[in-house]
Structures are given as structure tokens and as C-alpha cells.
Amino acid sequence: MKKMIFAASCALALIAGSAQAQERDLRIAFDVPYAPFEYKDENGNLTGFEVELAEAMCEEMNANCEFVIQAWDGMIPGLLARKFDLIMSSMSITPERAERVLFSEPYYNTPGGWFGPESFNTDVTDMDAMAGKTVGVQRGTTMDTYVTENMGGIVTIKRYTTADDMVLDLEGQRLDVVFVDYPVGEETVLSKEGFKEVGEPVKLGQGVGVAMRQRDTEVAEEVNAALRTLKEDGTYDTIMQKYFAYDIKM
Amino acid sequence: MPDFIAEWLNQNEIFTAMTIMEYWDGMVTTVHLVFLSLVIGLLVAVPLAILRTVRNPFVSGPVWLYTYLFRGTPLLIQLYIIYYGLAQIEGIQETFWWEIFREPFYPALLAFTLNTAAYTTEIIRGAIVSTPNGEIEAAKAYGMNWFMRMRRIVLPSAARRAVQAYSNEVIFMLHASAIASVVTIVDLTGAARNIYSRFYAPFDAFIFVALCYMALTFILVFAFRKLETHLLKHQRPVSG
């Protein structure tokens with residue numbers, strides 16, 4: 001009899017446990033539009049790479065998810081004020097942010113891309129050939145750090161505040177080549193006549209992670225487990241290939 | 001560099017010997033750019049100011065239009081037009097002009113020179129037209145022709161009256177040169193922006209650069225005070 005009761009209570013606990021997991025409510029914040037990561041389609045529905053990944057993740061976690069729109073400035077304050085529980089809005093992992101929020105393992109990282117005119121035929125990894133060339137970067141980006149550390153003193157580095165100014169100087173032939181966040185380069189340089197990709201994309205930085213409150217370590221474990229499963233079972237790749245022609249997996 | 005300074009710099013996170021050198025290079029660029037544009041601007045402004053006072057509107061009109069255009073638009077816009085606009089001209093990359101305008105320094109120098117020349121023209125013109133009639137009549141009575149009157153009487157006395165207003169223009173030009181950093185020139189401000197973005201320390205990077213500008217301004221104010229006392233010696237009360 002005692003055994004029976006023990007078994008029953010075990011079963012009950014199990015059911016309760018799984019029920020609890022099923023009931024976990026999560027509110028996930030996005031800043032739209034940031035195509036192709038999160039944006040609204042013509043019907044006004046939220047979609048994009050991160051949105052689809054979040055949907056798959058919620059399914060994997062058996063969580064009941066609600067998507068929230070939040071402007072970028074209020075992202076971390078909103079998270080800390082419990083307006084939502086997760087941020088999946090292309091937030092790069094940095095030491096400064098990691099002091100205030102808990103990051104999951106990175107789930108994507110856009111590479112830096114080399115773009116230049118059709119006539120540019122130098123190997124960007126060959127430092128002797130690159131000597132004396134003028135390279136444009138956006139000030140303070142991981143691309144800036146990479147070029148400064150690896151090519152400082154070899155090439156002339158010009159730093160810009162906006163990608164638009166930089167592309168103007170590339171068009172005006174003041175720059176030989178630019179090194180810029182790949183999707184940005186795709187949109188601003190490759191969309192123009194007479195320009196091409198001139199080197200292999202380079203993966204930089206620590207990537208983008210899901211941001212959570214520091215105390216939500218339990219959620220973080222579940223998020224990490226779910227992301228790992230998605231990356232392994234091919235779901236991640238399917239979603240990625242829908243939006244990108246190149247690899248951003250991390 | 002003395003050892004104790006080097007040691008102190010090494011303990012400091014932001015103001016290492018390397019960043020100090022970046023600031024120094026920026027300061028050299030700023031001084032170079034401002035000095036050249038002021039000198040060329042002044043040389044251009046003196047004849048323009050004289051032309052601007054001529055009665056014939058076909059002579060003074062174009063000068064008026066020039067000063068109106070360059071004083072009526074922001075320097076930042078002028079710099080954008082010269083820097084980005086010139087690069088958009090079809091085929092300019094094949095001409096020898098491109099050797100000059102490819103670098104950001106010369107478009108900035110051109111914009112700054114044209115801008116300061118416009119302001120300086122108006123400052124000098126104001127000083128010329130306020131020359132007391134009596135001085136000119138006296139010069140005429142001595143039989144001086146127009147050229148000699150200009151050289152001996154009008155311009156020297158106008159210079160004395162213009163120097164205070166011109167010292168303001170020089171200081172404004174120094175501060176306005178901060179916008180050179182938007183066209184990739186690493187001047188003082190450019191150096192500060194680079195260091196700020198590297199360390200995410202806006203206060204340290206920008207307060208230091210503000211102090212650099214203040215030091216330069218102090219030197220300018222001091223130099224102009226010396227110049228004023230020299231030029232206006234005759235106005236000082238004779239004291240025992």
C-alpha cells in the first residue's frame with residue numbers, strides 16, 4: 001500500500017512537473033523593423049529570421065510565448081522592469097551588456113564582408129598586396145577593431161559614422177575597399193552597379209544571444225538546451241537558408 | 001618622455017602613451033588646417049574687401065554675392081558639398097584635380113578658406129568704410145592718389161579697427177575646424193571620436209579634447225592681446 005502511494009505521488013509529481021513546464025509563459029521582445037531578422041510582412045504579421053527561430057525555440061521548450069514590440073532604447077530597461085522576459089532582437093553580446101543581463105549562448109553572428117569595385121582584384125588577406133590601400137570601416141564596430149588590429153600601419157584606415165557616407169566615398173574612389181557588416185554591405189554596396197564582394201566574409205565578435213534577467217538562470221538553461229537542439233536537428237539551418245545566402249550560424 | 005610620466009600613463013586605462021600620440025597628431029592636423037586656411041583666407045579677403053567698397057555694382061556685386069552665400073550657409077554644408085559633391089562630378093577621377101581632392105585635407109582646406117575669407121572680407125570692409133572722412137580728406141589734401149591713400153592711410157587704420165573682430169573670427173575658425181572629422185580627417189576631434197569609440201568613455205575622451213582646444217584658444221587670445229597693444233599703442237593714455 002505504501003509502495004502504491006509512493007508510486008502514485010511520484011507519478012503525480014511527474015505530471016505536475018511536466019504540466020509546469022508546459023505552462024511556462026514567456027514574453028519575447030523584438031525591435032521592428034530590422035529586416036531580415038524581425039519585420040512585419042504585408043499582412044502586418046511579425047516575421048523574420050529571429051521571429052521564426054523564437055517560434056521554433058518556444059515549441060522546443062514547450063513554452064507559451066507572446067511576442068512584444070519594443071523600441072531599441074528601452075530594451076534592457078523593459079527587460080529589467082519585467083515588461084517581457086526575453087530579448088531576441090539582434091543584441092550582440094558585449095561585456096558591458098553582460099553586466100546587466102544574462103546572455104544565452106550565441107545563436108548567430110553576421111560576418112564582416114569585404115566589398116569593392118569590379119576592378120579590385122587584390123587578395124584582402126595578402127598583407128603585401130594590400131599595403132598602401134585605403135580601407136573604409138564604420139567607427140567603433142567589430143570590423144573597425146579587426147582592421148585596426150590586423151592591418152593597422154599596412155593600410156590606410158578611414159573611419160565613418162554612417163555606412164552611407166562610407167559608400168559615397170567608395171563610389172567616389174576615395175576608398176579602395178570597405179569592410180562592413182555583411183547584411184549592411186549587401187544592402188548598400190552590392191545593390192549598386194559595378195561593385196562586388198572582394199574577399200571571404202570574416203566572423204567577428206561574440207555574436208548575438210538571447211538576453212534574460214540575471215536571476216532567470218533556469219530559463220537560460222532551457223533556452224540554451226532548446227537552441228542547441230535546433231542547431232543540431234537542422235531546424236536552424238532551414239530557417240537560416242530561408243533568409244540568408246551565407247552562413248551566420250554560431 | 002620622462003620615466004615617471006610614462007609610468008603614470010601605463011597605469012592609466014585610456015590615456016596611454018599611444019592615445020596621447022593620437023591626440024598630438026590630431027592637434028598637429030588641426031593647427032595645420034586652421035593656420036593655412038586663416039592665412040590664405042586673410043590674403044584673399046583684403047583685396048576682396050577693397051573691391052567690396054568700390055561704388056561700381058559690377059565690381060562690388062559679385063563680392064557681395066560671395067560673402068552672402070558663404071555667410072548664409074553652414075560650414076558643414078559647404079564642406080559636404082565640396083567633399084562629396086566634387087567626387088560625384090563625372091570623370092573627375094581621371095583629371096589631375098583628383099590628386100588633390102582625393103585626400104580629405106584639401107576639400108576641407110578649401111571649404112574653411114572660402115568660409116573664413118567671406119567673414120574676414122566683411123570684417124575688413126566694415127573697418128574700411130568706417131575710416132573717418134577727415135583722414136581721407138587730409139590725405140587728399142596732401143595730394144595722395146587712391147592707391148597711396150589705401151596703402152598709407154585707409155588700410156593701416158582699418159587694420160587697427162578690425163583686429164578685435166578678427167580675433168573672434170580666428171577663434172571661431174579653430175572651433176569650427178572640429179567638423180573636419182566628419183570627412184575622415186583625424187584632427188583633434190577625430191582623434192577624440194576614435195578614442196571614445198574604442199573605450200566607450202565619452203567623458204574622458206571629450207573633456208580631454210576640450211582642454212586641448214582651450215589651450216589653443218588661450219594661446220590665440222594671448223597673441224592677439226599682444227598684437228592689439230602693439231597696434232593700438234597710440235591710444236594708450238600717456239602716464240608717468
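The values are calculated or read from the model by the stated rules, or taken from the named source; none is laboratory data. Here the structure is a predicted model, which is why all the values come from computation and not from measurement. With ideal geometry, Cβ positions are generated from the backbone for all residues, glycine too; neighbour counts draw on all protein chains shown. Heavy atoms of the whole protein, side chains included, go into the accessibility calculation; ligands, DNA and RNA do not. Shrake-Rupley method; radii C 1.70, N 1.55, O 1.52, S 1.80 Å.
Tabulated values for the structure
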{"quantity": "Other-chain or far-sequence residues with amide H under 5 Å of A:R27's (modelled H)", "calculated": "A:E66, A:D85, A:L86"}
{"quantity": "Under Karplus coefficients 6.51, -1.76 and 1.60, residue-wise ³J(HN,Hα) of the stretch B:18-31 in Hz, glycine/proline x", "calculated": "5, 5, 4, 5, 4, 4, 4, 4, x, 4, 4, 4, 4, 5"}
{"quantity": "Nearest-20 debye value, the stretch A:112-197 charge dipole, Cβ charges on Lys, Arg, Asp, Glu", "calculated": "260 debye"}
{"quantity": "Dipole magnitude of chain B, debye to nearest 20 (Cβ charges: Lys/Arg +1, Asp/Glu -1, about Cα centre)", "calculated": "1580 debye"}
{"quantity": "Peptide-level mean, for A:168-174, of C-beta atoms on other protein chains within 10 Å", "calculated": "6"}
{"quantity": "Cross-link table A:K40/A:K231; A:K192/A:K249; A:K40/A:K242, entries beyond 22 Å C-alpha to C-alpha", "calculated": "A:K40/A:K231; A:K192/A:K249"}
{"quantity": "Cα shape, the stretch A:102-250, gyration tensor, a/c 1.5 rule", "calculated": "prolate"}
{"quantity": "Vicinal HN-Hα couplings computed from phi for the stretch A:48-62 (Karplus, 6.51 cos²θ - 1.76 cosθ + 1.60; Hz; Gly/Pro x)", "calculated": "x, 4, 5, 5, 5, 5, 5, 4, 5, 5, 4, 4, 4, 8, 6"}
{"quantity": "Nonlocal amide H pairs with A:Y160, under 5 Å, H built at 1.01 Å", "calculated": "A:V137, A:Q138, A:R139"}
{"quantity": "Residue-averaged 222 nm ellipticity for chain A, from DSSP H runs of 4+ at -39500 (n - 2.57), nearest 500", "calculated": "-11500 deg cm²/dmol"}
{"quantity": "Acute angle (nearest 10 degrees) that the helix A:142-151 long axis makes with the longest principal axis of chain A, alpha-carbon atoms", "calculated": "50 degrees"}
{"quantity": "Average beta-carbon neighbours from other chains, 10 Å sphere, peptide A:200-211", "calculated": "0"}
{"quantity": "A:T217 accessible area, 1.4 Å probe, all protein chains in place, Å² to nearest 10", "calculated": "80 Å²"}
{"quantity": "Within the protein assembly as shown: Cβ-based charge dipole about Cα centre, in debye rounded to nearest 20 (Lys, Arg +1; Asp, Glu -1)", "calculated": "3520 debye"}
{"quantity": "The stretch A:222-250 residues near the modelled A:T125 label - backbone nitrogen below 20 Å, point 7 Å along Cα→Cβ", "calculated": "A:246-250"}
{"quantity": "Exposure of B:F70 as accessible area (Å², to 10), given a probe of 1.4 Å and all protein chains", "calculated": "40 Å²"}
{"quantity": "Helical mean residue ellipticity (222 nm; -39500 (n - 2.57) per DSSP H run of 4+; nearest 500) of chain B", "calculated": "-24000 deg cm²/dmol"}
{"quantity": "Degrees, to the nearest 10: B:155-176 long Cα axis against longest axis of chain B", "calculated": "20 degrees"}
{"quantity": "Rg to Rh, two decimals, where chain B supplies the alpha carbon set and Rh follows Kirkwood", "calculated": "1.08"}
{"quantity": "FRET E, pair B:V221, A:S92, Förster distance 45 Å, beta-carbon r, rounded to 0.05", "calculated": "0.45"}
{"quantity": "Beta bridges per DSSP with both ends in the stretch A:112-197, % antiparallel, nearest 5", "calculated": "45 percent"}
{"quantity": "Prolate/oblate/rounded label for the protein assembly as shown (Cα gyration tensor, a/c 1.5)", "calculated": "prolate"}
{"quantity": "In the stretch B:2-84, the trypsin sites (Lys or Arg not before Pro) that fall in loop regions by DSSP, at most 11 other Cβ within 10 Å", "calculated": "B:R55"}
{"quantity": "Where a label projected 7 Å from the Cα of B:R151 along Cα→Cβ would reach, residues of the stretch B:30-52 with amide N under 16 Å", "calculated": "B:47"}
{"quantity": "Angle between chain B longest axis and helix B:57-72 axis [Cα atoms, degrees, rounded to 10]", "calculated": "30 degrees"}
{"quantity": "For the stretch A:112-197: rounded, prolate or oblate by the Cα gyration tensor [a/c cutoff 1.5]", "calculated": "oblate"}
{"quantity": "Pairwise centroid distance, computed over Cα atoms, of the stretch A:44-85 with the stretch A:212-250, Å", "calculated": "14 Å"}
{"quantity": "Pair B:Y66, A:R215: separation of 7 Å Cα→Cβ label points (nm)", "calculated": "7.1 nm"}
{"quantity": "B:W8 paired with B:V54, simple spin-label distance in nm, labels 7 Å along Cα-to-beta-carbon", "calculated": "5.9 nm"}
{"quantity": "Amide H within-cut-off set for A:G199, under 5 Å, with H built and near neighbours excluded", "calculated": "A:W114"}
{"quantity": "For B:178-184, mean number of other protein chain Cβ atoms within 10 Å", "calculated": "4"}
{"quantity": "Ordering of A:85-92, B:201-208, B:81-88 by packing [mean C-beta count within 10 Å, highest first]", "calculated": "A:85-92, B:81-88, B:201-208"}
